[in-house]
Amino acid sequence: MDRCIVLVDAGYLLGAAASLLAGEPSRSRITVDHTALVQGLRDRAESDTGRPLLRIYWFDGAPDRVPQPEHRRLRVMPRVTVRLGALTRSDGRWAQKGVDAAMHAELTELARNRACSDIVLVTGDGDLLPGMMAAKEHGVAVHLWAVQAADGDYNQSEDLVAEADERRVLDRAWITGAVRAKEDHSGACAPAPAARPEIAAILSAPLPESAPAPGEQPASQERPHPDAGGHNGTGERAPAAKGVPTPKDLAALRGPSVPHPHPPQSATLRWSSDKGWVDRPVTEPPEAASMPTLAQLTTAEQRWADREEDITTVGGDPFEVGQVFARRWVERLGDQGGIQKLAGMYPRIPHRVDGELLRYAARFGLLAHKDDQIDERDRYAIRAGFWRELDVRTGTDRAPVGD
């Protein structure tokens, strides 16, 4: 078949691009326009091989092989197929498992079935050498592409370079057509997260006075002062300060453990968006329990459109995720009285709606890999995005808390 196929090792391509543009191989240091990158790969492959493109195979790692937002966008692009290996953490570093084996299997299978006349490999892994040799024996021309090395040296296996039929280098000018280094003004290894006054507002907002639980501590005792330890000086809670008990925390109170400074006898959460250790009444207030969930308000047609939007346009930032969820909920509820009722519950979100919000957020890879829980700071960012969108829709002006 007079066609070309591109096999991309995303870990190599984006890691080498990060080294070139940001000085270290961490992919968190760069932003990628995947649409432009895929188009650039297609144009370059068709130009170099003189053959029309059949398909681009994108090989990458993901925790538990669960597609991340970028993978979900890539796999709905024309002529792109995503193959995922595992992403594991060892000694504080992430490592891909099974990606090179999957590339080797795909390479040899394509060549054996004569699916194309030319294969472009974007990789530096010497483990693909046997697959490259097998492809050549089946009459396929193998083109090896490298990303320009930051130090001007090779960033590919020397044996792989020697065995390739053709070799090209994707230089800085080509890479910057789709990849940019993130700006870092803090001097840290990664950009400091943007300050969210909305998160600080939730953390220090007074809780509603209605339906206090028996034996509940005053609000002033439940929430530390903004200047106290556990906050990072920006008005937001530092990630290390853990104020919202998880189910694991609550279960630990039933057995031997390090005691919490002020644990009530029956430690549960009244609202999953509350902070601190408080007692939950047996039933929710009627106005909270009657709030419909987004699933109840969504038709089959809307569910399909939501899925398309999640894949193609929602980036996965926690604050953005909360905004998207709130926008859909408000638009479909349509009852201004219900919307105003919810606005009056700030900073709490009814249990069913809040649980649905966090399950929705989990689709975007926001679950911590170790405990399958959403990081506390991300939870507050998700809810802050929800309330911000609700405030915009209702015209509510909440004064941001000062730093």
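The values are calculated or read from the model by the stated rules, or taken from the named source; none is laboratory data. This one's a predicted model, so the numbers in the text were calculated from it and none came from an experiment. No Cβ is skipped: glycine too gets one built from the backbone with ideal geometry, and neighbour counts run over all protein chains shown.
Quick notes
- When GLN323, GLN302 are checked against the criterion of being in the same structural domain as MET291 (by TED's automatic domain parsing), more than 16 Å from GLY385 (Cα to Cα) and of a type in the set (S, T, N, Q), GLN302 stands alone in meeting it.
- Within the stretch 318-359, the residues that satisfy the criterion of being modelled with pLDDT under 85 and of a type in the set (S, T, N, Q) are GLN336, GLN340.
- Residue match in the stretch 135-151 (condition: out of contact with any His (no Cβ under 6 Å at 6 or more places or on another chain), in the same structural domain as ILE56 (by TED's automatic domain parsing), without any contact (Cβ under 8 Å) to a residue 24 or more places away in the chain and under 28 Å from LEU21 (Cβ atoms)): yes
- Considering the stretch 19-28, and only residues there that are out of contact with any strand residue (DSSP E or B) (no Cβ under 6 Å at 6 or more places or on another chain) and in a helix (DSSP H, G or I), the residue that is surrounded by the fewest Cβ atoms within 10 Å (Cβ to Cβ) turns out to be SER28.
- Test for GLY15: is it closer than 23 Å to GLY316 by Cβ, without any contact (Cβ under 8 Å) to a residue 24 or more places away in the chain and of a type in the set (Gly, Ala, Ser): yes
- Residues being assigned to a strand (DSSP E or B) and modelled with pLDDT under 85 - total across the stretch 43-92: 4
- Condition broken by ALA95, with the remaining ones in (1) in a strand (DSSP E or B); (2) small (Gly, Ala, Ser); (3) more than 23 Å from the chain's Cα centre (by Cα) satisfied: (3)
- Residue check, ASP118 at pLDDT below 95 and either acidic (Asp, Glu) or surrounded by 18 or more Cβ atoms within 10 Å (Cβ to Cβ) (or both): no
- Among residues of the stretch 360-383 that are under 12 Å from GLN68 (Cα atoms) and modelled with pLDDT under 70, those with a beta-carbon under 8 Å from a residue that is in a loop (DSSP other than H, G, I, E, B) and polar (S, T, N, Q) at least six positions away or on a different chain give the pairs GLY365/GLN68; LEU367/GLN373.
- Those residues of the stretch 113-133 which are among the small types (Gly, Ala, Ser) and more than 24 Å from PRO52 (Cβ to Cβ), in sequence order: GLY124, GLY126
- You will find that of ALA95, ALA16, ALA101, ALA62, the residue that is under 23 Å from TYR154 (Cα atoms), of a type in the set (A, V, I, L, M) and buried (at least 17 other Cβ atoms within 10 Å of the Cβ) is ALA16 and no other.
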